[in-house]
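K.L.:
Please read through the structure below; I'll follow up with questions.
None of the figures in this text is laboratory data; all of them are computed from the coordinates on show. Since the model is a prediction, treat every value here as computed from it, not as a measurement. In this analysis, Cβ positions are derived from the backbone assuming ideal geometry, glycine residues included, and neighbour counts consider all displayed protein chains.
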Amino acid sequence: MKNQPIGIFDSGVGGLTVAHAIKQILPGESLIYFGDTAHLPYGDKSAEAIKYYSQRITEFLLDHNSKVVLVACNSASSSAFDFLKKEFEGKAILLDVIDPVVDYLGTKNYSKIGVIGTKRTISSGTYEKKIREKSPSTSVVSMATPLLVPMIEEGFIFDDISNAIIRTYLTNESLAGIQALILGCTHYPIIRNQISKIFNFNVDVLDSARLVSMILRDALEKKGLLNDSGTVKDQFFISDYTPYFEKIARMFFEGEINLKKADIWN
Ligand code: DGL
């Protein structure tokens, strides 16, 4: 089991922010990444559709011997994670990207925070519900920012178009006075700097990548499943080929990217 890979999935490039953090914290582990580019964006899909995609991708990752399945997508974490836990319990370590951030917030004393995410994540109310349970004195303002994923997937980052979109969303009055902003979508750390700038770097901008990587390290350690074989092999699968995916993957993982198209929908 020790040298089996860590399975990670997202709708597209977003989960690469999580994969990258895992590589920093667990360089001895092999990754198998699945980007469901054929169904991107997940944020506009129904919970039922996302459950179906997530189930099939989890089966694919398990068929490829994953010792862990990490749902590196907030839209899938909010709509499908409970279902996946029931369906695949005992087959691998299952992790989501929402609980690590909510647990971290429980150690802080913020009075007002903001959460931004896809329409699916925000309308599920998952962050608000979980934060209310762990940090009852923190008030939460949630906002769907649906243009951000297509913008990032189309390569509009660090330019006037992305700056205008980010500014329009984040200067909304409801976010005034927040002390922290949760990036409730794994795509958003790609534009973290532009987001922080809107708040003059005075707001803690939080995402799950590092937090979930540390939880993963602890879980593997506890179960004696850390890869100590010295052999590392990363694999990247997408359900539809997009040159942009390859470009971003190369940005995060220098060198050769072993990118393959996996036809799991036929
Ligand atoms: N990166 C994903 C998330 O965290 C999915 C975004 C999308 O496909 O809409 O929600």
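K.L.:
Placing one identical point scatterer on every Cα of the chain and ignoring solvent, what is log10 I(q)/I(0) from the Debye formula at q = 0.10, 0.12 Å⁻¹?
P.N.:
Per q value, in the given order, log10 I(q)/I(0) is -0.47, -0.68.
K.L.:
Counting only other residues whose beta carbon sits under 9 Å from that of PHE237, what net charge do I get with K and R as +1, D and E as -1?
P.N.:
That sum, taken over residues with Cβ under 9 Å, equals +2.
K.L.:
Based on DSSP H runs of at least 4 residues, each adding -39500 (n - 2.57), what is the mean residue ellipticity at 222 nm of the chain after dividing by all its residues, to the nearest 500 deg cm²/dmol?
P.N.:
When only DSSP H runs of four or more count, the value is -12500 deg cm²/dmol.
K.L.:
Please tell me which of these pairs span more than 28 angstrom C-alpha to C-alpha: LYS85/LYS223; LYS130/LYS233; LYS130/LYS260; LYS108/LYS247?
P.N.:
Violating the 28 Å Cα-Cα cut-off are LYS130/LYS233; LYS130/LYS260; LYS108/LYS247.
K.L.:
Okay, moving on. Would you mind giving the average projected area, over all directions, of the Cα convex hull of region 198-266 in nm² with one decimal?
P.N.:
Its average projected convex-hull area is 8.4 nm².
K.L.:
Could you tell me which GluC sites (Glu not before Pro) in region 176-266 are loop residues by DSSP with no more than 10 other beta carbons within 10 angstrom of their beta carbon?
P.N.:
GLU254, GLU256
K.L.:
To continue, here is another question. Determine the shape class of region 77-226: with a ≥ b ≥ c the square roots of the Cα gyration tensor eigenvalues, call it rounded for a/c under 1.5, and otherwise prolate if a/b is greater than b/c, oblate otherwise.
P.N.:
Prolate.
K.L.:
Tell me which trypsin sites (Lys or Arg not before Pro) from region 160-257 have a DSSP coil assignment and no more than 11 other beta carbons within 10 Å of their own.
P.N.:
LYS233
K.L.:
Mind checking which aspartates and glutamates have their Cα closer than 19 Å to the Cα of LYS23? Skip sequence neighbours fewer than 8 apart in that chain.
P.N.:
ASP10, ASP96, ASP207, ASP218, GLU221, ASP228, ASP234, GLU246, GLU254, GLU256
K.L.:
As I understand it, the dipole of the chain uses +1 on the Cβ of Lys and Arg and -1 on the Cβ of Asp and Glu, about the Cα centre. Which of ILE264, TYR169, PHE245 lies farthest toward its positive end?
P.N.:
Value: TYR169.
K.L.:
Under a Cβ-only charge scheme (Lys and Arg +1, Asp and Glu -1), can you give me the dipole magnitude of region 1-139 about the Cα centre, in debye to the nearest 20?
P.N.:
320 debye
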